[in-house]
Amino acid sequence: MQLYVNSREIIINNLVSYMTLDSVLKEAYNDTYANLNNIISGDYPYFHVGKNIITWVGNITKIEIIPNWCYL
């Protein structure tokens, strides 16, 4: 599978169920926090202020974006 966020590609190989891509920590993991960094390659996605383009190739059935807000 390939995921593209603003033309940055991340390739996901042999994903069994789902994963979280943490762009801040540069980590990939699942609900048991098992390390999935070994099944991905490419650039971690990040979002620009304003419009972002998200596309994918493969059997991805759902993409959920959870903001990691920080307030000072």
Quick check on the stretch 1-17: of everything there that is touching a residue at least 24 places away in the same chain (Cβ under 8 Å) and part of a loop (DSSP other than H, G, I, E, B), which residue is surrounded by the most Cβ atoms within 10 Å (Cβ to Cβ)? Leu15
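Quick one: count up the residues across the stretch 18-55 that are assigned to a loop (DSSP other than H, G, I, E, B), surrounded by 10 or more Cβ atoms within 10 Å (Cβ to Cβ) and in contact with a strand residue (DSSP E or B) (Cβ under 8 Å, 6 or more places away or on another chain).
Summing the residues that are assigned to a loop (DSSP other than H, G, I, E, B), surrounded by 10 or more Cβ atoms within 10 Å (Cβ to Cβ) and in contact with a strand residue (DSSP E or B) (Cβ under 8 Å, 6 or more places away or on another chain) in the stretch 18-55 gives 9.
Here, each number is a calculation from the coordinates, and none is a lab measurement. Since this is a predicted model, take the numbers as computed values, not measurements. Cβ sites come from the backbone with ideal geometry, for glycine too, and all protein chains shown count toward neighbours.
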